[in-house]
Amino acid sequence: MGQLAKRSVKSSVRKSLILAALIFFSGNLWASASEQIDSENFQSVDFDGGARFLQQLIYFPKNIAEQEALPLIVISHGNGHNYKYYKHLQEYLTPRGYIVMSHANQTGPGIQTAAQSTLDNTDLFLASLEKISGGALVGKVDASRIGFIGHSRGAEGVVRAYTRLQDGDFMPKHFHKDNIQFISSIAPTTFLSAEDVDPRSVNYNLFVGGADGDVDGRPQQVLMSMPIYERAKGEKTLIYVQAAGHNVFNDESRDEGTGPDRLDRDVVHKISRATHLALAEMYLKGQGQHRLYFQENWFHSRPPEVPVRPQISNEYKRAENDTSGVIIDNFQSEKSTDKASSGAKIVHDVDGLFEGQLQDQDGRFRFSPKDAMNGLTRYLDNPEPPIGLSFQWEDDRKLVFDFSEAAKNLQGFSALSLRAAQMSRHPLTIELADVLSFSVGLTDGLGHQAVLSTEGYGMIIPPYARSGGWATEFNILRMSINDFKTSNPELDLTSIQTLEFYFGPASGSPVGSLVLDDVEFVR
Ligand SMILES: [Ca+2]
Ligand SMILES: [Ca+2]
């Protein structure tokens, strides 16, 4: 389909979706009751800023008087939600040394008003410290360390708010545009364009529920969250909780999710609490040890509070301006399947090798042999479409990156990192019906080789089987360079010439349909 036709279809879809959304999300606007909770560890106070959308529920540690100035976390709810629905996060984060403010959010008209609410409430909060709890917070809020968390329209809204700050389109009086240290979007909509909603270089987390019955991940504007993640150029993390619905990310909204083995709100809250604490510790308090939870596959290493049972696929990518890694292939240049973006030669005998946009090609997730990117929802109108590789195997096959003309010195590197996904509803994904594994080799100039199975580093899990399979979900894999060396001490890390992927019965899953991206060595 041509770009113009595609655009007009999208814009009519968008209008009808907006209408449908307006009808669907009625009622449950806001409730205001003055309350003041005084627990052992925290205090909470309702602050009335003098207008309907300037209402705030503020949590701060009980012993605030003895504390240094603390970072601020702002929570922006979704449409049909309420600012008092995020106490599970507020009660958990506050005693750990944060001030957490959740505010009334004008989501009804859309993302622009939601973003305005986030900005106005953040500035108003910082301007009003003398009026809150008898001035207990005066001198206790460090406005140079702010995190934004949003949900649904509020999740798109917080990114819109950030984009406006960066564009100088909103001038805050009490904080600076670069004080936003991280943003976490929970199940964001995608109403607005890539130009208006762009995380730019901020640290960015995306949370998605695979059983979401609202922003359900169909390959359509508004309903697919992933393009915002793909736009981000800062350090970024993605947590895809397979059996979580849209509303179980807050305390009270009716669960609208669809799909098997649904997760209780309590379990989803444990995942969200642990994730947001790790993000806050990392980005607001400089506790870098939490980074490993995100860099590694969650079946290998996840925050201890996260229960092991839920199926979660996760992604991580270092910031674009972090030059510590060496990309072998991110597929963003060199469109030939014989040549990697790094210039390495590609030799392979896999089936159906296809390089292209990480976006479903026919707008539906039913299997079609013509759609080599089935179930992917990564691209709407990003300036640079994300591109990756897809292929299959039913026997022993390989895919080799040959950079012997410019051998790599991997001493000082910690890992090979890549993201990989089982393709939703592909016949070989259905035949496998299991987690997927393969083997990875490194070979030096003298022919010494070390081969490791991906199994030791996490799982490439089957797509969540909602209506037979929904999104094609990437899983990060991070394989230790040291482990390659240990498995063959003769391997000369100073002169690695090829990186080999082995698929099939001799090396892992006997059959499979895989999408691959971001193959790189990282420090
Ligand atoms: Ca499709
Ligand atoms: Ca790519």
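Data for the structure
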read-out	value
Cubic angstrom per residue, convex hull over Cα atoms of the range 394-495	108
Angstrom value of the Kirkwood radius, inverse mean 1/r, which spans all Cα pairs in the range 213-269	12.7
Chain lengthening between residue 339 and residue 319 when straightened (0.36 nm per residue, less Cα-Cα)	4.8 nm
Quotient of C-alpha Rg and 2.2 N^0.38 Å, computed over the range 84-163	1.12
Burial order of peptide ranges 92-99, 208-215, 453-460 (average beta-carbon count within 10 Å, highest first)	208-215, 92-99, 453-460
Helix-only [θ]222 nm of the chain, DSSP H runs n ≥ 4, -39500 (n - 2.57) each, per residue, nearest 500	-6000 deg cm²/dmol
Which listed pairs, of 62/140; 233/317; 236/335, have C-alpha distances above 18 Å, in listed order	236/335
Cleavage-rule hits (GluC sites (Glu not before Pro)) in the range 286-388: DSSP loop, at most 14 neighbouring Cβ within 10 angstrom	305, 320
Percent accessible area from carbon and sulfur atoms, the range 189-340, protein chains only, probe 1.4 Å	44
Intensity falloff of the chain expressed as log10 I(q)/I(0), Debye formula with alpha-carbon point scatterers, at q = 0.08, 0.10, 0.11, 0.12 Å⁻¹	-0.51, -0.78, -0.93, -1.08
Hits among lysines - C-alpha to C-alpha of residue 485 under 17 Å, sequence gap 8 or more where chains match	408
Antiparallel bridge percentage (DSSP; both residues within the chain; nearest 5)	70
Per residue value of the accessible surface for the chain (all protein chains in place, 1.4 Å probe), Å²	38
Net lengthening on full extension, residue 40/residue 349 (0.36 nm per residue, minus Cα-Cα)	104.9 nm
Distance histogram in 10 Å bins (all Cα pairs of the range 307-432, percent per bin)	10, 35, 37, 16, 1
Euclidean distance between Cα centres, the range 432-475 to the range 80-127, Å	39
DSSP-assigned coil residues among chymotrypsin sites (Phe, Trp or Tyr not before Pro) in the range 171-257, each with at most 16 further Cβ atoms within 10 Å	none
Student exercise, the chain dipole from Lys, Arg, Asp, Glu Cβ charges, in Debye to nearest 20	1080
As computed over the range 451-491, the Cα convex hull volume per residue (Å³)	65
Cross-link reach list, lysines versus residue 398, counting only Cα pairs under 19 Å and skipping chain neighbours closer than eight places	339, 345
Within the range 394-423, backbone nitrogen closer than 19 Å to the virtual label 7 Å beyond the Cα of residue 494 toward Cβ	404-414
Relative pair counts by distance (%), Cα atoms of the range 151-236, 5 Å bins	3, 16, 28, 25, 16, 8, 4, 1, 0
Histogram of C-alpha separations across the range 321-378, 5 Å bin width, %	4, 17, 19, 20, 17, 14, 7, 3
Taking the chain and dividing mean pair separation by its residue count, relative contact order in percent (alpha carbons under 8 Å, at least six apart)	11
Segment residue 384-residue 171, length gained on full extension (0.36 nm per residue, minus Cα span)	73.8 nm
R0 of 25 Å, Cβ-Cβ distance residue 362-residue 434: FRET efficiency to nearest 0.05	0.40
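The values are calculated or read from the model by the stated rules, or taken from the named source; none is laboratory data. If you're wondering where the values come from, they're calculated on a predicted model, not measured in any experiment. Cβ coordinates were reconstructed from backbone atoms using ideal geometry, including for glycine residues, and neighbour counts include every protein chain displayed. Side chains included, ligands, DNA and RNA excluded: accessible areas come from the protein's heavy atoms. Shrake-Rupley method; radii C 1.70, N 1.55, O 1.52, S 1.80 Å.
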